[in-house]
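Just so it is clear, none of the values below were taken in a lab; they were calculated from the coordinates. For clarity, every value in this text was computed on a predicted model and none was experimentally measured. Neighbour counts are summed over all protein chains in view; Cβ atoms, including those assigned to glycine, are modelled from backbone coordinates with ideal geometry.
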Amino acid sequence: MDRNKVGVAEPYLPPPPLPSSEFALARLGGYWRALGVSDPDQIAALSEQALRRAAESPESPGLDAVARALVAAGELLDEWLARALDLPRSPPELAAARAALLSGAAPNWPAALFAAPGEADTVLDALRAARAEPVPAPSPGAMPAQRIELFGSLNSLRRLWRPQPRA
């Protein structure tokens, strides 16, 4: 008997069930509610848009359909922030915009998602004012080498008996 073949459970277990679209819609609804969207019609429209985008995205290893839909929902939010606030699609800029959105600076921001141009200026101005500037890019610097001295009772005795440099 070959023990390697007996220990492998994969050929004997059925594949895990795929999540239903109702489950994915419920998870997306929870995601949008956590971000502050309370209107059920807006939640449904945003969730459907995220599901369509997730279906069009290429398969990602390790992500199931619900995880891909949540990633697509985050991308939708990032695209809206970049377009509405005229930001470049760089991670630091979008992170600062997301932080301003989630800080509560503009509690009625979901209304700006579906508003006509010009109607959401107060919300966007509040988000712009709350957005912190991202940190500057890291710059390399020279750091002098430091001697590491461990603490202990013998170290103090060694320092006492060490000959002092002559001046």
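Here are a few things to note about the model shown:
- FRET efficiency, 1/(1 + (r/R0)^6) with R0 30 Å, evaluated for Val135 and Glu48 via beta carbons: 0.25
- Simple label model, 7 Å out from Cα along Cβ direction - Ser57 to Glu79, nm: 1.1 nm
- Ranked by the mean number of other Cβ atoms within 10 Å per residue, highest first, peptides 112-124, 24-36 order as 24-36, 112-124.
- Leu102-Arg159 pseudo-label distance in nm [points 7 Å out on the Cα-to-Cβ vector]: 4.6 nm
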